[in-house]
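Here is the structure we will look at.
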Amino acid sequence: MSIKSLLIRPYADYVSYKVRQWSEKPFEAQDKILKSIISVASTTAFGKEHHFENIKTYNDFKKQVPLRSYEQFKPFIDRILNGEKDVTWPGKPLYFAKTSGTTSGMKHIPITRDSIKNHFYTAQTALLLFMLQTGKWNIMDGNMLFLSGSPELENINGIPTGRLSGIVNHRIPWYLKTNQVPSWRTNCLEDWEKKVEMIVRETLNKNMTLISGIPPWVQMYFDKLVQLSGKPRKEIFPNLQVLVHGGVNFEPYRFNLERSLFRTFPTIETYPASEGFIAFQDLPHSAGLLLNVDSGIFYEFVKAENIFDESPERLSLREVETGVNYAIILNSNAGLWGYVLGDTVRFVSKNPYRIEVTGRTSHYISAFGEHVIAEEVEHALQEALKGEQAIVTEFTVAPEVINNIQIDGLPYHAWWIEFEKPPENLEQFALKLDTEMCKRNAYYNDLITGKVLQPLEIIPLRKNAFIDYMKAQGKLGGQNKVPRLANDTRIVEELREYVLK
């Protein structure tokens with residue numbers, strides 16, 4: 001064990017002790033956070049407008065602070081962008097994180113001096129707990145790759161602004177900084193394809209022990225690595241100890257990623273967002289991610305099917321149940337209040353509170369009343385692939401209302417799939433996939449059996465279709481992800497030019 005590892009070990013023990021403390025007393029941690037953030041923000045413009053001085057209980061808070069999407073919260077953000085202080089949190093933000101919105105274009109999410117700790121310490125905690133529990137301290141002795149956006153930041157009225165992953169690059173702790181790759185110059189490249197190639201060339205002969213990034217972009221890196229290395233796959237990064245991932249469900253990508261290097265490797269799953277670091281894997285092979293209840297965020301939950309109601313019921317952590325799909329609401333020391341994050345989660349445990357991310361409130365299909373969510377299509381595809389030789393690179397699903405080819409003319413769900421290796425019989429595979437969907441969604445099953453919908457159809461796409469699509473949209477790399485589901489055909493209209501001829 002190196003000197004660095006020996007120095008880190010006592011700190012990892014301390015971090016583990018603190019996590020155990022707050023995870024065993026989640027309500028106390030949440031109550032303390034709500035009281036604290038209301039008190040601190042009471043003198044801000046938002047706090048005065050919403051009468052924070054009169055809030056004594058959670059019920060008071062719900063009456064005073066309405067739920068808002070980013071678009072509804074944006075007038076407050078615009079005031080900060082225009083240089084105003086003390087709008088939703090004292091002073092000005094330390095940074096603005098830029099991220100793509102679903103209806104508002106580019107979103108600007110404030111990161112304050114208080115909330116930066118949530119992003120920084122949570123990522124650190126996840127890694128320290130992994131090393132403590134697995135004994136893989138030699139991670140500290142090798143090189144670590146963080147596939148991220150550019151760390152170059154623009155200035156908006158004195159506030160540094162950029163992608164969250166780029167901002168985090170400025171906060172890498174000393175004990176990881178010397179191990180970090182790629183170089184600053186390479187990390188600043190905006191052309192993602194050129195950037196990946198440069199990262200491969202810089203890391204090819206390094207002693208890589210940790211790789212972190214969103215799975216589809218890690219796969220792009222691995223593909224280029226295999227192409228340029230000239231080495232047998234098993235000889236590439238023999239000391240790789242862990243892959244850190246988040247942002248999308250990892251399982252659809254696991255097979256391809258592990259096949260890239262011809263071996264399995266441990267993973268750490270995280271749930272970071274520009275608005276806050278929500279949860280992380282605290283135990284190897286645990287079901288679900290530990291909700292980050294003691295890091296400046298007070299959580300609320302609304303049943304996912306009710307999130308678009310005029311006055312949906314809002315629940316605190318005390319009131320949630322396992323097995324229910326919830327939209328997650330944030331109130332935080334970043335100055336976000338009643339903020340509808342747009343993600344949906346399900347609790348798999350209440351002791352401690354662990355969650356699974358099930359999708360997006362805006363990424364679903366309910367064109368015919370079926371309300372299919374991302375988790376259902378991902379799990380159905382995984383089951384359908386069992387026993388098949390087929391390999392899926394990427395996919396998205398959308399409703400198809402008009403079909404002049406079918407005699408009955410019934411609408412259906414169109415699965416736009418890029419196969420690395422297609423199934424031997426595409427029609428049989430589609431029926432198998434449809435059966436799996438019927439098992440997972442009773443509404444979908446009723447529509448199929450009631451002849452309201454016909455079974456799904458698969459539209460095969462050519463190689464690199466999704467990479468080329470994302471590139472055409474200016475969203476290649478970084479934190480950008482392909483939507484699993486859409487309730488309309490906007491995305492797939494763009495994909496039509498990539499259909500396999």
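The values are calculated or read from the model by the stated rules, or taken from the named source; none is laboratory data. Model, not experiment: these values are computed from the prediction. Heads up, the Cβs are rebuilt from the backbone with ideal geometry, glycines too, and the neighbour counts pull from every protein chain shown. Just so you know, the surface numbers come from the protein's heavy atoms only, side chains and all, with ligands and any DNA or RNA stripped out. Shrake-Rupley method; radii C 1.70, N 1.55, O 1.52, S 1.80 Å.
Things to note:
- DSSP-defined beta bridges in the chain - what % are antiparallel, rounded to 5: 70
- Whether region 111-203 is rounded, prolate or oblate, judged on the alpha carbon gyration tensor where a/c under 1.5 counts as rounded: oblate
- Mean separation of Cα contacts under 8 Å, 6 or more apart, over the residue count of the chain: relative contact order %: 13
- Cut-off under 5 Å, modelled amide H: who pairs with Ser349 long-range: Arg354
- With all protein chains modelled, accessible area of His51 [1.4 Å, Å²]: 90
- Across the protein chains, with a 1.4 Å probe defining accessible surface, the residues Lys194, Lys451, Lys501 rank Lys501, Lys451, Lys194 from largest area downward.
- Estimated from the Cβ-Cβ distance and a Förster radius of 60 angstrom, the FRET efficiency linking Gln21 and Lys501 is about 0.50.
- When the surface is traced with a 1.4 Å probe over the full set of protein chains, Arg9 keeps roughly 90 Å² accessible.
- Overall, the chain carries a charge dipole of about 1800 debye about its Cα centre when +1 sits on the Cβ of Lys and Arg and -1 on the Cβ of Asp and Glu, all other atoms neutral.
- Around the amide H of Glu394, modelled in the peptide plane, lie the amide H atoms of Glu418, all under 5 Å away and 5 or more residues distant in sequence or on another chain.
- Shown here are the Rg and Dmax of the Cα trace of the chain, at 23.1, 72 Å.
- From phi via Karplus (6.51, -1.76, 1.60), per-residue ³J(HN,Hα) for region 391-401 in Hz, x at Gly/Pro: 10, 9, 8, 6, 7, 8, 10, 8, x, 10, 8
- Diffusion coefficient of region 160-210 by Stokes-Einstein, Kirkwood radius over Cα pairs, 37 °C, 0.692 mPa s: 272 µm²/s.
- Separation of alpha-carbon centers, region 145-194 and region 327-384, rounded to whole Å: 28
- Inter-label distance for Asn157 and Glu493, nm, one decimal - labels placed 7 Å from Cα along Cα-to-Cβ: 3.5
- What the Kirkwood sum gives for region 376-501 is a hydrodynamic radius of 15.2 Å, with every pair of different alpha carbons counted.
- Carbon + sulfur, % of accessible area of the chain - ligands and nucleic acids excluded, 1.4 Å: 50
- Computed with a 1.4 Å probe over protein heavy atoms only, the accessible surface of the chain comes to 45 Å² per residue.
- Exposure of Leu500 as accessible area (Å², to 10), given a probe of 1.4 Å and all protein chains: 100
- Lysine pair count for region 146-226 [Cα-Cα under 18 Å; pairs on different chains or 8 or more apart]: 5
- Separation of alpha-carbon centers, region 430-484 and region 265-308, rounded to whole Å: 25
- In this simple spin-label model, placing a label point 7 Å from the Cα along the Cα-to-Cβ direction at both Leu6 and Leu204 gives a separation of 3.7 nm.
- Cα gyration tensor shape of region 1-123, rounded if a/c is under 1.5, else prolate or oblate by comparing a/b with b/c: oblate
- Gyration tensor (alpha-carbon) shape descriptor, region 292-337, a/c threshold 1.5: oblate
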